[in-house]
Each structure stands twice: as structure tokens, then as C-alpha cells.
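First up is the structure itself, then whatever we jot down about it.
Read the figures in this text as sums done on the coordinates, not as results from a lab. Note that the structure is a prediction, hence the values are computed from the model and not measured. Neighbour counts are summed over all protein chains in view; Cβ atoms, including those assigned to glycine, are modelled from backbone coordinates with ideal geometry.
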């Protein structure tokens, strides 16, 4: 609440501030050479799928499950080579946007249910068959071998040759020292050991539900002797009990390819070939031993004694006995057949070596986890316990022709709407209308800049609902000017001394009205944005954005410009075209009053 | 007529919105009744988005007719086929809900028959339960919005104003829905979007009026010469021009969308949304003048403070009338001092 005098002296500065703001946005746009906003698929053409996830029992899924589902769907979409596709969450729904039409096949893939199954590893090899690959793999494991896992697990035995033995319960493959990326990837690498590679890393031991890190010194079969240099990934591996067709498939599969089976529907009653989720290891896996739905929970946490990150998995009763059976059966087998792969949505997320039978329905996976990788694995396992079905709620495919038509329609109505409002303002408010028109132009420029910058830096895509929202909001912006102009006219009618003071007094009152009214619009926008589905959210976003821009423009442009205009003879003297002339006001003009009172 | 307009322009007009509130209440009650009857008898004409189904859009080629299209699409599988012209140069075909393969089949059939690439045929498939989710979300949104607005207006103004604004808003929604029921306009998610936006506008207008009423009535002291009703009416008449202007300016761009949506694009989001907005804004303008403020006044006149003032003013008027009829006449409509339109006494204060 600055006194009129001081605020009167500042309009120039305020206008400069706004100018600086606009120039800054202009510079950002020019620097990025991004002059046109990016359009959504309803304008650019493309396919949009809205999936509504539900649990298999038809209930609304927990929020984390939806996030996990999005990660899984993103992996599938990438696997299809649809690199431009976007997968986003919209409240409880998942929206997948794929440029281009005719993606019916992709759609089918995208909306299948992702399930988790535990399968015994029958054979494993590094991702590609080139012998060259072997050496690479080897280093990792061996090099680091020892880290945390060793210590922790260490508990006992440490038998393993190379590496650190130790995990506790089910140890994940991970133990490997992790070269660089996440431990999990390293772990995948560990898988290779299976393949006869050298480093044998994970140790594993069974830990009971009690969590006790009981160090049963399992003699882990660290055997894993020499790596063979044969071209055949299966050389030296026991292929007994594997369906012959799978052996060929295994030799051919390229796990380093983008599509390494994400989203493949694996039949639990059949053996399968699968890749690790990071594409470093390929496996032949036995029939499913435990279904993911038999998992009752999974948490990441740290081992109280060692501080090492672990994942604790609990099973439901049937799962617990199945898990006990399979661990008992495979623990004594030679690698890699003592590994139990967890296959989620067609790829192996982890394949820990089972170092002893684990009864009791609770197991720990340890290895070289950090907080992120442990949490990720726990989330994946949890997701497997409650797989989601995806209902295709809406599938829209817009041809680029239709998209262009819609864009044209939106732009024409915007231009047209702006034009009528401009004409109306000029006819009704004459000179004042000019100020209103200038404000609308500034608002348009600011809106365009913000939309452009957002679309190039924050993933914003201008769609039809946004355009409609922006056009409709022209009215809101103009409303603010009208509120202010009418107040000024009130002040003059009631005998304000000069236009200059009328402008200030009217502003103080109009300001409150504008803020309250804008707050109402803003609340509407926020509520709609967060609660609505589909295009409504886009529309609400546009409305909220314009409401903020409206306040910006009225405060930084309209008001100061009015203050400047009040010093001009044209307005101050109540010129016939100023919109403030005596005849039209039905009272004496400000100028006449000034003279009379003087 | 010209006289009315120029008086409107100057803000001189004095319509007794509040005093005649029984008339408005009666009118609104009749409209509400009519709307509810329409909703019960006719129901809403729900679009395919609520029923579930498939929609195909494709450009019009010369010589294509509704019959040809129906036959072509029918041969590809679907049974319930509605062919519509969408704007100047496209067709829209609505069928029951199809799966991915069926959609592809229809697209190919249409593309082949009318000689265009497959990808020119846009498609939309809406699951049967999606509409339910959309409307459920809309209801939740509506409820949350109303609560948020009630709270906000109660803080910014007072609860009576909040209540009056909400009642006016419900009034607008029901009447707009009634218009849709009677006219059989199709209700799509875009229409609901429009309904929800109307809420914002309806309130925007009411807020401007209430702000003025608050300002005017806050100056009513015990010695005021006007009752709350008269002061409110004064404020309302005074903001009339502003209300009409703001409403007109808000409706103009919407009318532009409606025009473009109808003539250029035909059926679709633009048209559905703008139609709802167009209808709703007109109803909203009426209600903020003739429903929201009268309700507020009805609520306020029950407060002892304003009842007492009303009695005093009445007594003063009677005595004044006896003394000098002229004075009384001037005092009330022109609002000489207290309760006059803002600004009259400002000069002394600041």
C-alpha cells in the first residue's frame, strides 16, 4: 500500500521490469532456437492410449504400483523401438502417446498384464555370443568381488573362490562389485559367472524368516572354473532337461538388442529363454516354481549388523512352501542351476544364487545393493505380488490431417476471439480501450513465450484443450481491465480531482476485486487440474496459467501504463475519444472539474 | 432504446433487482422445475465417450455419401453405425466399441473404398467404463471445488456471500443441464469441461458484485438512510454495467470458438465445450444479478443489525414524507451520503 505519490512515480520502472522479463524470455527462446511450441498428438497426429490400471480383483491399485507399471510399460515401449513414445501418469491412469498412427500392435503389447514368476536358471551366458564378450565380462566380477557383500556375509564361510561369498539368504547376484552402474547391473553381470565365467560372486546363504544372518557356511560351489573360449554359449553347460528348441533360441537371442522380451507373456508351465533387464545376460529358465502373486511383501532395508543394503521378501503360505521346495532342490546344484531367476514382465530382474534351502516363507536377498537398487528390486517384487490389469479406457488415433484441422480451428478461434474483444474494447472504451488492447497483446506475448519455453524445457505439449483454455481465458484477462477501467470512471464521475489521482485510488480498489476474482478462477483451475481426467487437466492448466499471467500483466503493465497515460493531455483533458469525455461520463470531465475547483 | 443504452453506459440505470426478488425467485424456480422435469423425462443425450464405442474421422472425398459410408463400414464388421458430417470436409462414423484388429479393419476398408492412405482415418475407441470414471471424477471435482470456494469466500467475504454464490452456481448448473436435456445436445467430456468452467465464471461475476456490495454496505452506520437491501441494490445497479461488460467480453471469445467449432470442424471438442460455456455463461450472468444478490440480501436482512436499520429507515421515511415528500424521494434512490456508491466521500478521507 504505497501512497499514491510514490506509486505514481514508479510506472516507468515497473514497465522496464516487465520489459526485462519479456526480453529474458525472448532471449531464452532465441538461444534455444525454439520459436514454436511443441504440439500434442491431437494436433500433430498420433496415437494416444489411456490405460486404467486395476488389480486382478478389480480394485483401485495403490499408487506405487501405478508408478511401477509405468516403468514397466516404458520399458516395453522402448523395447518396441518407439523411442518417441511418452508414457505419463495422469492421476490414476497411464497415458501413452505414440507419434504416428497404425500402432494397434504396439497397443496390444502395452496393455498386457506384467507378471512376476520365479524360475530356476537352467543355463546362462553373457548377452551375445561373440567370444570377445567373455573377457569383458570376466573382469567385472573378479575385480571387485569382495566388497560389501563379503563383509557382511562374511559371516561365515567365505568359501567362494573369487569373491565374496557371503550373502545371506538368497543372495542376489548382485554381489558383484559393481563396476559402475547400479549394483544391480553388476549383479546381472554376475549372472555370467553362471556361465562359467570366472568370478563367482555371490554367495548366498539362507536366512530364515528370522532374519538372522546365520552364517551357515555353505560351501558354495564356487567351482566355476575356467571360462571356456568356445563360441557356443552353451559349451560346458549342462543342457540336460532343456527342451531342444530352447537351446537354439538361446543361441540366437541377442539380449543387447532393444527388444529383449519386455512384455513377453511367459507361460508359467513352460521353460523359457529370457534376458536380464539390463541386457547383459541371457538365461534358459525352467517352469515357474513360484508365482509372484505368492509374494506377500518385499522391503528394502539395511542389515543391522553390517549396514549392507538388502531386500527382504516374504511369501504367502503356498508360496512359502513352494519357495522352500525349490530352494532345497537347487541349492546343491552346480552353478548356474543353483540360481533362482525372478522374471518380471518377460525379463530377469534378479537371479540370486541359492546357497541353502530357505524354509519359513521369508528370504533375504543381499549383494552389492545401494539404497536405490535395493528399493528398486523391492518395488519390482512387490509389484509382482499384485500385478495390475490395464483396461484400455480410451484409444485415440489422430491423423496428421485431422490434427492440422484442429490446430487451425483452435488458432482461428483464438485470433477471432481476440479480434472481437479488441473491437469491443475499442468501441466501448475508446482511448482506454487502447490500453486494454495493449495489455491483451502483452498478455498474448507472455503466454506464447511461456508456452514455448515450457514445451522445450519441461516436456509440455500444447494440445487442443490447452488452446481452448487459452482462448477462453482471453475473457478473464479482459475482465480485469474492465474492472479497473470502470473503477476509474467511477472515481471521475464522483468528482475525483484529476485523472492522475483517480487512477491511483481506483487501482487500490480494483486491485482487491481482481485478486479475489482471479483467486476463484485459480482455485477452479487447481481443483480441475488435480482431479480431472483426460483433456480437462490440460484445459485447467491453461486456465491456471492465464490467471497468473493476468495478474502479472495487470500489475506490471496495465496499471503503470494507465499511470503514464494519465499524464497525457489526451486522457487528462477528457478528449472525446479518450473514453473519459464529459458527455459520455454524464458528468463534468476531470479537466473541467479541475478548472472549476481551481 | 438508445436512451437506455446511454444510461447503461453511464451507469445511471436503476433497476430494482433486489426489491423485485420475488419475481426472480419465481422465474428461477420455474426454470429449475422445467430443467428437472427435462432431466427426468428426457435425460441427457450422452455422447459415445460415456457409452463406450468407436469413432472414426476421415476427410470427405468427392462423391462419398452417407449410404456408401454406412455400407463400407458395415461390411468391415460393426453393427451400430452412425454416420455424421463433421464440419465442411470430414465425416464422422460412430460404432460400438471395437478392438484393435477391428479398428484396423474398418480403417483399411474406408481408406480403400474412398482412396486415401490408411493413416488418414483417425480413430477413437472408448471403453465402456471410461465414461463412468470421467463423470465420477467430475463429481468429485465439483464437490471439492464447492468446498474450496465456500471456504475461500467465507474468508474473503463472509459465509452468507459464500452460500449465496454456491446456490447461484448450483442454479446455473441445473438450468444448463436442463437446457441440454430439452435440446438433446450431446453431452461429451468436453461438455462437462464446459460445465466445470462455468462454475468459475459464475463465481467470478458474483465476486465482482459482492465486492461492491461489501464496500457499499460497510459504510452503512446506524444513522444510514438506506437499508441493506437498498444499498445492495444500489451496488448492483452500479456494477451492472461492469457485470454486463465482463460477461460480454467473456462470452465473445467463447462465441468465436463456437462459431469456428461448428462451421469449420463440426462435431468435436471445440463445439461441445463452447456450447456448454455459451449456454452456461448466459445463465451465469442472469444468476449473479438476479439470484446470487437477492439470496444474499434475503440472508442479510435476517440479521438483527440490518432489521433494526430497516425499521429506522422506514420510520425516518414516514416522518420525512410527512415533512417533505421531496427529501424522501431523493434520499433513497440517489443514495446521497451513507451507502452511496463508493467514491463520493473518499475525497475527504484521503
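If you count, for each residue, the other Cβ atoms within 10 Å and average over each peptide, how do B:286-292, B:44-50 line up from highest to lowest?
Put in order of decreasing packing, that is B:286-292, B:44-50.
Return the average number of partner chain Cβ atoms within 10 angstrom of each residue Cβ along peptide A:499-512.
The per-residue average across the peptide is 2.
Measure out, as a whole number of angstrom, how far apart the alpha-carbon centroids of segment A:405-439 and segment A:258-334 sit.
Spelled out, the Cα-based centre of one part sits 63 Å from the other.
Arrange A:33, A:287 by Cβ neighbour counts within 10 Å, fewest through most, would you?
Lowest to highest Cβ neighbour count: A:33, A:287.
What is the P(r) of segment A:266-332, as percent of Cα-Cα pairs per 10 Å bin from 0?
All Cα pairs, binned at 10 Å, distribute as 17, 33, 42, 7, 0 percent.
Starting from the Cα gyration tensor of segment A:349-404, take the square roots of the eigenvalues, sort them a ≥ b ≥ c, and report rounded, prolate or oblate (rounded when a/c is under 1.5, otherwise prolate if a/b is larger than b/c, else oblate).
Prolate, because a/c is 1.5 or more and a/b exceeds b/c.
What whole-number distance in Å separates the alpha-carbon centres of segment B:90-163 and segment A:449-510?
Centre-to-centre distance over Cα atoms comes out at 31 Å.
Ranked highest first by average number of other Cβ atoms within 10 Å, how do B:32-41, B:107-116, A:54-63, B:232-241 line up? The partial results should precede the final answer.
Working: B:32-41: 14.6, B:107-116: 17.2, A:54-63: 12.4, B:232-241: 24.6.
Ranking, from highest mean packing down: B:232-241, B:107-116, B:32-41, A:54-63.
I'd like to compare B:58-66, A:563-571: which one has the highest average count of other Cβ atoms within 10 Å, and what's the full order after that?
Descending mean neighbour count gives A:563-571, B:58-66.
Taking Rh as the Kirkwood radius, which is the inverse of the mean 1/r over Cα pairs, what is the Rg/Rh value for segment A:45-113?
0.96
Note down the nm distance, to one decimal, between modelled labels 7 Å out along Cα→Cβ at residue B:29 and at residue A:570.
Here the modelled spin labels are 5.5 nm apart.
Send over the semi-axes of segment A:342-437's equivalent ellipsoid, whole angstrom and largest first, taken as the square roots of 5 times the C-alpha gyration tensor eigenvalues.
Value: 64, 20, 12 Å, ordered largest first.
In nm, to one decimal, how far is the residue A:445 label point from the residue B:42 one, both placed 7 Å along Cα→Cβ?
4.8 nm
By count of other Cβ within 10 Å, fewest leading, how are A:573, B:300 ordered?
On the way: A:573 17, B:300 22.
Listed from fewest to most nearby Cβ atoms, that is A:573, B:300.
Can you work out D for segment B:53-126 in µm² s⁻¹ from Stokes-Einstein, where Rh is the Kirkwood radius over C-alpha pairs, the temperature is 20 °C and the viscosity is 1.002 mPa s? Could you put the intermediate results ahead of the total?
Working: Rh = 11.8 Å.
After rounding, the answer is 182 µm²/s.
For Cα pairs less than 8 Å apart in space and 6+ apart in sequence, what is the mean separation divided by the residue count of segment A:326-452, i.e. the relative contact order in percent?
13 percent
Which whole number gives the average, over all residues in B:188-200, of C-beta atoms from other chains lying within 10 Å of the residue C-beta?
Per residue, the number of nearby Cβ atoms from other chains is 6 on average.
Inside 10 Å of the C-beta atoms of B:269-281, what's the mean count of C-beta atoms belonging to other chains? Don't skip to the end; give the middle numbers.
Details: counts 11, 9, 1, 0, 7, 5, 0, 0, 3, 0, 0, 0, 2.
Average per residue, whole number: 3.
Which value, to two decimals, describes the C-alpha radius of gyration of segment B:130-306 once divided by 2.2 N^0.38 Å? Numbers along the way, then the final one.
Numbers: Rg = 17.9 Å, N = 177, 2.2 N^0.38 = 15.7 Å.
Here the answer is 1.14, to two decimals.
Return the FRET efficiency for the residue pair residue B:148, residue A:259: r is the Cβ-Cβ distance, R0 is 60 Å, and the value is rounded to the nearest 0.05. Let's see the in-between values first.
Numbers: r = 47 Å, r/R0 = 0.79.
Here the calculated transfer efficiency is 0.80.
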